[in-house]
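Below: one structure, written as structure tokens.
The values are calculated or read from the model by the stated rules, or taken from the named source; none is laboratory data. These numbers were taken from a predicted model, which means no experiment stands behind them. Just so you know, the surface numbers come from the protein's heavy atoms only, side chains and all, with ligands and any DNA or RNA stripped out. Shrake-Rupley method; radii C 1.70, N 1.55, O 1.52, S 1.80 Å.
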Amino acid sequence: MLKNYFKTAFRYFWNNRAFSAINIVGLTIGICVCFFALLYVKFELNHDSYNKQASNIYRLVTDVKTPLGINYESTPAPIAPAIETAFPEIKSAARVFMDDMIVGSNPDNSSKEEIAYADPLVFSIFTWPLLRGDAKHLFDAPYNVVLTASAAKKYFGNADPVGQTMIINGQQKAAVTGVMKDIPYNSHLRVSMLFSMSTLVQPGSSWSTDWKRFGFYTYLLLKPGANPDGLSAKLPAFVKANFDQSQLKYTLSLEPLSKVYLYGKPRGHRTGSSESGSISNIYIFSVIAVFVLFIACFNFINLTTAFSMKRAKEIGVRKVLGASKKQLVVQFFLDAVFICMMAFGAALVLAALLLPMFNQLSGTIIATGIFENWGYIAGLFIISIMVGILSGIYPALFLSGFKPVKSLKGQFSAGNGSLLLRKSLVVAQFAISIILIISTVIVYTQLDFMQNQQLGFKKSHRLVIDYQFDSRINEHPDVAKQLLTTIPGVNSASLSSSVPGTANDRFVTFIDDKQNLQQQVQAEAYYVDGDFLNQYGIKVIVGRGIAKQFATDDKAMLINEAMVKKMGFANADEAIGKRFKQFKADGTIVGVVKDFHFHSSMELVQPMVIRPINGFFTCLTLDVNSSNIQQTISAVEKQWKQIAPGLPFVYFFEDEAYNNQYISQLRFGRLFVCFSVLAILISCLGLLGLSAFSTAQRKKEIGIRKILGASAASITVLLSRDLVRLIIVALLVASPLSWWVMHRWLQTFAYRINISLWVFVFSGSAALVIALLTISFQSVKAAIVNPVKSLRGN
């Protein structure tokens, strides 16, 4: 009997190939998209979970309350050894300082790498398995370095790098003491190599004793059973004993490692490869996964219940031949489940084929194989079975109960309930499709706005050479600039500590307020020469800029409009002449520059100070305007080897560096659009199937109308009219929901677009056009067919 059930199910599938294909393709795409969306959500939520002791690892952070607001900082260097000694709950404490370097095993393979300085105890806190080297002696001396497996392969090939030497910034040598496994992609800290902390912080140095110099991430491993809340309650006393609270109020708090990536605030002045995620994006992709699966599943149910009406005569014949209701019920359920299982199998094959493309689209390795996530596969399998059962309920329970005589005579009707159900599902599907269209338009409009808004500086045609503070450049800056600007195609040159779009330093600065009382400010700092402002087109709105002969201008400082506002000045003019103190130097504010976006426009422009201090320069910017850019770069590289022999020529273009800040958002946008398009495609497949069914049901009505004089155009309008009504209802449902969701998403951006009415008009029109194009083939085909054939049922 079971064999006969499967045989009948396959025959049903084969005899209704078009309907079955539409159902299988729609459900296959839906399951596949849902699977990928779940993989993405799991990857983001599981950041840092690879650490075996993750539940006991916390990041220590500092909030500094000033009269001008709260600064969100990391921690100072001396805090790790002090806090480990002070509290028995702490098993280990380790510091990590993010940075970048020009490294190589020889001068010919040098490149810029994201690195970190770290204490030896990081290996007892994080699960970073060591592949080569002595775990007890990795960081015995300054300039000891542990490479990741990828970095070891890159610089040493298949040779054992332990005991070999790396060249740092073309001059300094570092000893390779170990090789570790690559840090997993779902880690908020991801670098290619770790240097001993003593490379940066020497005992007795200002770094090791200064409790107000931030920039170090401090991670604590608590002992099993230790109470983090109890430890947090003890931190105020520790702060009071170690921090000078006379002017500023310092607060230490613990961030669970599991929440650092999605919920932790960006902290520190050089964040390097310390990444942060977006919980709102997680919510959005979770909703998309539910939406797509909803559309696919109810699309399947809708089509199955609609096309089941065609089986009424088959039911009558089978009941006349002796089939029981129980047998018919089992057959209907089996038919639906059979098609669902075909879709599920096809979805797994499709997911396996598309996984490399999905990884590339997401910009990371989300998964290396689909069977790494058996839980999701099992869940989607169960959902597929449930969809088959739900779609089989109507024909199994309703059609199986038809009287044979009525079935054979065609005296049956789907009933108003069935029609209402199908219309409701169509409205729900298109409401979701319209929400996705509206959301897609808003997402891309916001991303375009971020990339093309007025930034307050020029970023095109700027070639930036990172020379890592090399003294040969900083001691003879004018010579280097003069030699490079003689190259054809190079119009100007400037030196600076950073350029927009890259990490820069934050330093404590004291500035007089309106009452001439000095206020301490943790400010973003740019150190530039006399050509930088002009070259980047940064406007001085009040006062003057940096003098070309900056050696005589070392007591001058410029601030931006954000600093003017933070200090409480009524206007920029009030700031001119105010005294400042930074490090051991003091002077006066000589000018105010217009705000420019030196970081991503996702965040507000922060208060900034600009000063001409030569020793802080590390970026040399060339204004390059050439018809043969590669030839110009080659000429610059040749000249560079004469200026700084042995220093690798590492460069980037300013516009690329700035746009790299938006990579994660652009990837989010691409994934969002792909999932949305596929969801709309599934809706269209369902609509295509329903329009074919509806047209077939009204074949004789169409024939009669044509005989009575109806034109092809009027019949096409007739067949499309109900659909237009449903889409209008869907638009009314979708518009407020999509506005609410996108309004909340836009709040994560400091600078954002306004949601305009045209977005809803465009999206509704697009949905209508897509739907009409989908059903137009069936409508026009039915409208132009010979009415005699329609009435004969041919």
Inset, instruction - Calculate what fraction, in whole %, of the accessible area of region 45-120 sits on carbon and sulfur atoms when a 1.4 Å probe is rolled over the protein chains. - result: 49
Inset, instruction - Over 27 Å between C-alpha atoms is what I'm after, so list which of 42/153; 42/423; 212/594; 458/548 land there. - result: 42/153; 42/423; 212/594
Legend entry - Cα-Cα over 30 Å, subset of 173/240; 234/259; 514/539: 173/240
Legend entry - Computed P(r) (all Cα pairs; region 465-607; 5 Å bins; percent): 2, 9, 18, 22, 20, 15, 8, 5, 2, 0, 0
Inset, instruction - Over region 92-181, give the accessible area per residue in Å² for a 1.4 Å probe, as an integer. - result: 42
Inset, instruction - Once every Cα of region 80-158 carries one equal point scatterer and solvent is ignored, give the base-10 log of I(q)/I(0) from the Debye formula at q = 0.11, 0.17 Å⁻¹, two decimals. - result: -0.37, -0.80
Inset, instruction - Divide, for region 144-283, the radius of gyration over alpha carbons by 2.2 N^0.38 Å, where N is the residue count. - result: 1.31
Inset, instruction - Could you tell me the distance between the Cα centroids of region 207-221 and region 58-126, to the nearest Å? - result: 7
Inset, instruction - Divide the volume of the convex hull of the Cα atoms of region 227-271 by its number of residues and quote the answer in cubic angstrom per residue. - result: 101
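In what order, largest first, do 153, 594 sit by accessible area if the probe radius is 1.4 Å?
Final ranking, largest accessible area leading: 153, 594.
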Inset, instruction - For region 453-500, take the alpha-carbon Rg, divide it by the Kirkwood Rh, and send me Rg/Rh. - result: 1.00
Inset, instruction - With the Cα gyration tensor of region 710-781 in hand, convert its eigenvalues to equivalent ellipsoid semi-axes via √(5λ) and list them largest first in whole Å. - result: 35, 11, 8
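What's the carbon and sulfur percent of region 512-579's accessible surface, probe 1.4 angstrom, rounded to a whole number?
Of all accessible area on region 512-579, carbon and sulfur atoms account for 46 percent.
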Legend entry - aspartates and glutamates whose Cα lies under 15 Å from that of residue 154, excluding same-chain neighbours fewer than 8 positions away: 108, 113, 114, 182
Legend entry - Residues of region 513-561: accessible area per residue with a 1.4 Å probe, Å²: 45
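Using only the alpha carbons of region 50-119, what is the convex hull's orientation-averaged projected area in square nanometres?
In nm², the orientation-averaged hull projection of region 50-119 is 8.2.
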